[in-house]
Amino acid sequence: MTTLEHCQQLDQNDPLRSLREQFELPPGLIYLDGNSLGVLPRATAARVAQVVTEEWGQGLIRSWNKAGWFDMPQRLGDRIAGLIGAGPAEVVATDSTSINLYKVLSAALLIGRHEHPTRLRVISERSNFPTDLYIAEGLCNEHGGTLTLLEADELQAALAPESAHDVAVLLLTHVNYRTGAMHDMAALTAAAHRAGVLTVWDLAHSAGALPVDLKGAGADFAVGCGYKYLNGGPGAPAFVWVHPQHAERFWQPLAGWWGHAAPFAFTPDYKPAPGIGRYLCGTQPILSLSALACGLDTFSAAEPMGGMVALRQKSLALSDLFIELVAQRCAGQGLTLVTPLAHAQRGSQVCLARADGAFAIMQALIARGVIGDFRAGDGGRHPDILRFGLTPLYTGFADVWQAVEHLRQVLASGEWQRPEFNRQQAVT
Ligand SMILES: *Cc1c(COP(=O)(O)O)cnc(C)c1O
């Protein structure tokens with residue numbers, strides 16, 4: 001049996017322990033939902049207030065130049081690039097993940113169509129995040145293409161050159177939002193390229209959670225989220241990366257004045273900015289970008305301690321501990337581990353399936369101050385899931401022990417069956 005004392009010892013010996021001090025964590029709360037909304041960094045409130053009162057209030061229009069507002073998407077993009085294996089001037093922080101996905105998937109479809117007019121199919125995973133599938137469906141309608149949805153274990157076969165001759169794009173989320181299962185980005189990208197297929201990767205559950213190597217994997221396009229592991233705040237700007245070999249091949253469809261080569265020339269015709277700059281559309285939300293910058297600062301503090309590699313090591317230790325404690329303490333309670341055991345296939349969350357009661361169990365945990373979330377199943381291959389996100393910047397080993405102890409008590413006592421835990425809510 002793994003004891004609380006042992007976990008407290010692990011926290012004492014954790015070289016990343018001090019990183020937690022950068023966050024405003026409500027006392028007594030065990031927050032295991034940083035994969036849905038990251039925690040508020042301590043620096044953010046004062047920084048945003050300063051941007052409001054000084055840069056906006058006093059500086060007014062001058063702040064576009066003087067406070068560096070104008071090139072914030074590029075500056076933040078360069079910092080995100082360091083977390084995802086991209087180069088300088090290859091990433092911009094802008095718009096939402098959904099909108100960025102629209103841009104890159106359009107560009108990928110245009111490239112595919114230009115080079116191979118018969119390639120009109122997009123392949124994705126049935127359990128991909130819905131917005132990714134909806135955007136793909138809409139674009140396929142627009143381009144006269146089709147969207148094929150597969151299970152993860154069907155992807156390699158579908159990418160065999162003889163099956164993929166009509167496929168333009170492979171669109172995948174690196175780490176599955178429901179299960180925490182991670183794809184082998186390098187292997188799938190290589191298989192796609194052998195079949196003449198371009199790849200679009202959604203990094204919503206991997207950027208800031210584990211080391212990503214877009215260039216190393218030879219990926220073509222990527223998007224990712226600012227408000228999950230990057231701690232940028234609710235609705236924070238997302239980011240977009242395009243491999244330099246593709247960046248200037250096409251306009252993205254939301255060509256706007258911020259993506260113009262000379263926005264202040266105000267010419268009536270569009271001339272795209274060089275490189276990733278053309279993936280900007282219109283005026284950017286400076287207050288939100290300022291908050292995102294504070295989120296990125298929390299990673300800079302981890303740099304001297306080993307950066308993403310050290311964070312990944314801790315994340316795996318946390319999820320290993322979670323899995324081990326559930327096996328030890330919640331055996332016979334109908335929980336099934338959905339997250340892969342193999343480290344190479346695991347993101348930064350632990351997901352547990354249960355045939356019934358998963359929603360109410362999570363509500364009972366939240367009432368006890370253990371915040372994870374619930375994701376509904378489809379009544380078939382994908383069951384209802386309890387999701388626990390582990391964010392190594394601020395989650396400790398004793399937090400994991402306490403969370404599993406609460407889960408044990410909620411299950412053993414039948415507390416979750418109380419009526420107040422069975423009322424549906426808008427956001428689960
Ligand atoms: C969270 C998430 C998104 C969110 O997209 P928004 O445009 O920010 O709503 C998109 N894709 C995946 C895979 C996600 O996990």
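The values are calculated or read from the model by the stated rules, or taken from the named source; none is laboratory data. Predicted model, so just to flag it, every value in this text is computed and none were measured. For neighbour counting, all protein chains shown are included, and Cβ atoms are generated from backbone atoms with ideal geometry for every residue, glycine included. Ligands, DNA and RNA are excluded from the accessible area calculation, which covers all protein heavy atoms including side chains. Shrake-Rupley method; radii C 1.70, N 1.55, O 1.52, S 1.80 Å.
Return the pair list, or none, for Cβ contacts closer than 6 Å from residues in the stretch 322-336 that are in the same structural domain as Q349 (by TED's automatic domain parsing) to residues that are basic (K, R) and surrounded by 16 or more Cβ atoms within 10 Å (Cβ to Cβ), at least 6 apart or on different chains.
Between residues of the stretch 322-336 that are in the same structural domain as Q349 (by TED's automatic domain parsing) and residues that are basic (K, R) and surrounded by 16 or more Cβ atoms within 10 Å (Cβ to Cβ), the close pairs are R329/R408; C330/R408; G334/R354; L335/R354.
Name the single residue that is farthest from the ligand (Cβ to nearest atom) among those in the stretch 108-132 being outside any loop (DSSP other than H, G, I, E, B) and closer than 11 Å to T148 by Cβ.
Step by step, filter the stretch 108-132, then rank; the result is R121.
Hey, does the stretch 328-345 have a residue that's over 20 Å from A209 (Cα atoms), aliphatic (A, V, I, L, M) and part of a helix (DSSP H, G or I)?
So far as the stretch 328-345 goes, no, none of its residues is over 20 Å from A209 (Cα atoms), aliphatic (A, V, I, L, M) and part of a helix (DSSP H, G or I).
Filter the stretch 271-305 down to residues that are assigned to a loop (DSSP other than H, G, I, E, B) and touching a residue at least 40 places away in the same chain (Cβ under 8 Å) and give me whichever is nearest to A43 (Cα to Cα).
The selected residue is A301.
Specify which of the listed residues (G180, G218) is open to solvent by 10 Å² or more (accessible area, probe 1.4 Å) and either of a type in the set (D, E, K, R) or touching a Ser or Thr at 6+ places or on another chain (Cβ under 6 Å) (or both).
When all the criteria are applied, what remains is G218.
Of the residues P268, P234, which is within 16 Å of the ligand (Cβ to nearest atom) and assigned to a loop (DSSP other than H, G, I, E, B)? Steps first, please.
Numbers: P268 fails: within 16 Å of the ligand (Cβ to nearest atom).
Exactly one residue qualifies, and that residue is P234.
Within the set of pairs 6 or more residues apart or between chains, which connect a residue that is under 19 Å from L188 (Cα atoms) and assigned by TED's automatic domain parsing to the domain that holds P383 inside the stretch 99-127 to a residue that is within 12 Å of the ligand (Cβ to nearest atom) and open to solvent by less than 50 Å² (accessible area, probe 1.4 Å) with Cβ atoms less than 8 Å apart?
none
Would you check if there is a residue in the stretch 91-114 being in contact with a Phe, Trp or Tyr (Cβ under 6 Å, 6 or more places away or on another chain), at pLDDT 95 or above and open to solvent by 10 Å² or more (accessible area, probe 1.4 Å)?
No, the conditions are met nowhere in the stretch 91-114.
If you check P268, P161, P253, P234, which single one turns out to be touching a Ser or Thr at 6+ places or on another chain (Cβ under 6 Å) and open to solvent by 10 Å² or more (accessible area, probe 1.4 Å)?
Of P268, P161, P253, P234, the one residue that is touching a Ser or Thr at 6+ places or on another chain (Cβ under 6 Å) and open to solvent by 10 Å² or more (accessible area, probe 1.4 Å) is P253.
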